[in-house]
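Right, one structure below, let's go through it.
Values in this text are rule-based calculations from the coordinates and carry no lab data. Small disclaimer: the values here were computed from a predicted structure and weren't measured. Every residue, glycine among them, receives a Cβ derived from its backbone with ideal geometry; neighbour counts consider all protein chains shown.
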Amino acid sequence: MRALLLAVLVMLVLACVSLLVGVTHMPVWAMLSGYDDGHAARILAISRIPRTLALVLAGASMAIAGLIMQMMIRNRFAEPTTSGTVEAASLGLLVVTIMAPELPVMGKMLAAAAFALAGTLLFVQLLRLVPLRDPLMVPLLGIMLGGVIHAVATFIAYRFDLLQSLLAWTMGDFSGVLRGRYELLWVGGLLAAVAWIAADRFTVAGLGRDFTTNLGLNYKRVLALGLVIVSMVTSAVIVTVGMIPFLGLIVPNVVSLTVGDNMRRAVPWVAVLGAIFVLSCDILGRIIRAPYEIPLGTVVGVVGSAMFLWLVLRKRSHAA
Amino acid sequence: MIHANEVTKRYGDAVVVDCLSVTIPKGGITSIIGPNGAGKSTLLSMLARLLKMDGGSVTVGGLDVTATASDVIARRLAILRQDNHLSARLTVRDLVTFGRFPYSRGRPTLEDKAHVERALAYLDLGALADRYLDELSGGQRQRAFVAMVLCQDTDYVLLDEPLNNLDMKHAQSMMKTLRRATRDFGKTVVLVLHDINFASWYSDFVVAMKGGRLAAAGTVDEVIREDMLREIYGMDIHVHEVAGRRIALYYE
C-alpha cells in the first residue's frame, strides 16, 4: 500500500514536470506571483494540462486494456497490438472516415470500437481453431492477423489518399493535444474504473472457462465485457493520440512479477505504472532534441521493444 | 443425491456417453472407475453443467443443473477438473478466496475469510498461503485447488482424478482428507479415479463405466469383483481380501 502511494507520488511529480516542459516559454514564477498577463495561464490551460491529462489517461487505460486482454486470452503476450485489435480499430476508423466523414468524433470512435471488437473476436475464434502448444505462438498469430488487416487498411487508405491519417492513428503522438481535442480519453479513464469494479470477474475468467462456470459466473458474459472494454479503450486512444505500442504488454507483465495477477490488487498498479511509463517517454521525447519533438510512439517503440525482448527471453529461461 | 437420467454426449458421430442413467447416493465417497475413454470425465463435466448434454437431464439435490441459475448451483456443487493450468499468477490464498466468490462476489466478508483460513488449514497449506502457485510443486498446487473447492462450502464436491501428480504419501493424505470432509461436514464427494485400489479402499459407492455406458453401480463389495472387473477392463484381475478390504492385483 505504501509502495503504491509512492508510485502515485512519482506519477504526480512526472505530471508536474510534463506541465513545465515545452517549446513555448511559460513563466511560471510570473504567473504565481501575479505579474503574468494571462499568457502563461492560457498555455497551461489550453496546451500543457490537456497534454498531461491525455498522457495519464491514455497510459493508464491502455495498460489496463493490456491486462484485461492477457486475462481474457489467458496468455502473457496478448495485448491490443498483438491480437489484431488495433489494426481492426484503425480499419474501422478509415471506413467511417470515408463513408461518414461528417460524423462527430464520438461516433467515429464507436465505429472503430465495433471494428476492434470484431477483429478481436476473430482472433479469439482463430485461437480456438488452431491449437497452439507454445504460448509464444499466440501473439505471433495475432500479429499475423493484424498484418493482414493492416494491409487491407493500407490499400484502402492509398486509394482514398488517407495514408497520412492511417499513419497518425498507428503512431502515438501527443504534440497535437489541445483543449477540446483529447476529452474522449476520459471514456478510457471511465472504462478503466469499470475494469477495477469488475476486477474479480476478470481474474476468475483468467482462470479458465470451467473455473468460471464452477464459481457460478457466465464466462461468455465476462469475456464480452472484457473485450468491449479493450475495444473501446483502444479506439478512444487511436482516435485522439494514436497507438502506443508495447504499453499493454510491458506494464502488466512487470506488475505481475511483483504483485501478481489478482486484478483487484493489480489494476491500480497497472494504471499508475502505465501513466508513469507514458509520461516519462513523452518527457524524454520532448527534451532529447528540443525544440523538436520525437513522437511518443517512437520513443515507446524503442524502449518497449527492448523490454519486450527481455520479457520473452526471461520467460523462456523461466519455463525451461 | 445426484441423479443422471439418460444423459448423452456426442462429438460428431462418436457417442462418448450413451444414454446413461445413474443415481449417486448422498453422503460419502463415490468413485467413478473404468478404462480410458469410458467417458468418466465427460460424465463428471455434465453432472457439473460444464459440458452441454446432447440429451437427458441431471439433478443435484433436486435441482436441475441446466435449468437452475448457475450461481445457485455454485453454492450447491463444486467441481475441479484435471490439468488446471493457470497463466495468471495468484497466491494460494488468492485462489482459495475465489472459492467464496459464489457468496460474496469478490468482496470477501469476515465470515468468508474464516472459511478461507479453515480450508487452508484443512489441507495443511498454512505455511504456503502467501506463495505464488507457479512456485509450488505439482502436488502442492493440487492441494491448493482442492482447498479452493472445499472453501466453496458445497454439499457436493466433484473431483476429476485428484490423485494425478501426487506421490503415494500425498495421494493417501488427499483421500483421507476427502473422507474426513464427508464425515465432518456430511459432504458428498464424487471422484474419477484410475487406481481401482484407492477406489476400493476409500469408496462408499462405486460407479463403473465402459464405452460410454454404465457397467455397474453399487457398493465396493458389489462392484470390485473378479467377474465384474474382467468385464469392465477386459483383463484378468484377481481380487484378494486384505485386512478386510478388497484389493485388486493386475500387475501380471
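A few comments on the model shown:
- Spin-label model, A:Leu132 to B:Leu136: label points 7 Å out along the Cα-to-beta-carbon direction sit 2.8 nm apart.
- Annotation: amide H of B:Ala215 within the under-5 Å range of B:Ala208, B:Met209, B:Lys210, sequence separation 5 or more or interchain, hydrogens built in the peptide plane.
- Residue-averaged beta-carbon neighbours from other chains (10 angstrom radius) around B:98-110: 4
- When the charge dipole of the range B:68-170 is built from unit charges on Cβ atoms (+1 for Lys and Arg, -1 for Asp and Glu) and taken about the Cα centre, the candidate among B:Val72, B:Asn84, B:Leu120 whose Cα reaches farthest toward its positive end is B:Val72.
- Spherically averaged projected area of the range A:108-162 from its Cα convex hull (nm²): 4.4
- Around B:Thr182: net Lys/Arg minus Asp/Glu count, Cβ-Cβ under 15 Å: +2
- Classification of the range B:123-252 by its C-alpha gyration tensor yields a prolate form. The axis ratio a/c (a ≥ b ≥ c) is 1.5 or more, and a/b outweighs b/c.
- q = 0.18, 0.31 Å⁻¹, the range A:194-233: log10 I(q)/I(0) [Debye, one scatterer per Cα]: -0.43, -1.06
- Listed residues B:Val206, A:Leu217, B:Ala14: farthest to the positive end of the dipole of the protein assembly as shown (Cβ charges): A:Leu217
- For B:Asp54, the residues whose amide H sits under 5 Å from its own are B:Thr8, B:Lys9, B:Arg10, ignoring neighbours fewer than 5 places away on the same chain, with H placed 1.01 Å from N.
- Per-residue Cβ neighbour rank within 10 angstrom, fewest leading, B:Lys113, B:Lys9, B:Lys40, B:Lys176: B:Lys176, B:Lys113, B:Lys9, B:Lys40
- In loop segments of the range A:224-320 as defined by DSSP, the chymotrypsin sites (Phe, Trp or Tyr not before Pro) with at most 16 further C-beta atoms inside 10 Å of their C-beta are A:Tyr292.
- Rg of the Cα atoms in the range A:74-133, relative to 2.2 N^0.38 Å, amounts to 1.30.
- Rounded if a/c under 1.5, otherwise prolate or oblate - the range A:83-199, Cα gyration tensor axes: oblate
- Shape of the protein assembly as shown, Cα gyration tensor, a/c cut at 1.5: prolate
- At 0.692 mPa s and 37 °C, Stokes D of the range B:151-203 from Kirkwood alpha-carbon radius, µm² per second: 287
- Long-range Cα-Cα pairs in the range A:176-286 (distance over 19 Å), rounded percent: 52
- Distance from the C-alpha centroid of the range A:50-117 to that of the range B:184-252: 56 Å, rounded to the whole angstrom.
- Only one residue of A:Ala65, A:Cys281, B:Val242 has its Cα farthest out toward the positive end of the dipole of the protein assembly as shown, where Lys and Arg carry +1 and Asp and Glu -1 on Cβ, and that residue is A:Cys281.
- Unsatisfied cross-links (Cα-Cα over 32 Å) in the set B:Lys9/B:Lys113; A:Lys108/B:Lys52; A:Lys220/B:Lys169; B:Lys26/B:Lys113: B:Lys9/B:Lys113; A:Lys108/B:Lys52; A:Lys220/B:Lys169
- Spherically averaged projected area in nm², based on the convex hull that wraps the Cα atoms of the range A:51-99: 4.2
- Pairs of alpha carbons in chain A separated by more than 24 Å make up 53% of all such pairs.
- Karplus-derived HN-Hα couplings along the range A:297-313 (A = 6.51, B = -1.76, C = 1.60, θ = phi - 60°), whole Hz, x at Gly and Pro: x, 5, 4, 4, x, 5, 4, x, 5, 4, 5, 4, 4, 4, 5, 4, 5
- Using equal-weight Cα scatterers in the Debye expression, the normalised intensity of the range B:1-124 in log10 at q = 0.09, 0.14, 0.19 Å⁻¹ is -0.33, -0.76, -1.16.
- B:Asp124-A:Glu183 FRET efficiency (beta carbon distance; Förster radius 45 Å; 0.05 resolution): 0.25
- All other residues whose Cβ lies under 15 angstrom from that of A:Leu296 are scored, Lys and Arg at +1 and Asp and Glu at -1, for a net of 0.
- Normalised convex hull volume, chain B, alpha-carbon set, Å³ per residue: 136
- Here the range A:203-257 is treated as a sphere whose radius is the Kirkwood value from Cα pairs; by Stokes-Einstein at 4 °C and 1.567 mPa s it diffuses with a coefficient of 99 µm²/s.
- Top of A:Met144, A:Met263, A:Met11 by mean-square fluctuation, Gaussian network on chain A, Cα under 10 Å: A:Met144
- Residue among A:Ile229, A:Ile149, A:Ile98 with the largest mean-square fluctuation in a Gaussian network model of chain A, springs linking Cα atoms under 10 Å: A:Ile98
- Förster-model FRET efficiency, 45 Å R0, B:Met235 and A:Val194, C-beta, rounded to 0.05: 0.20
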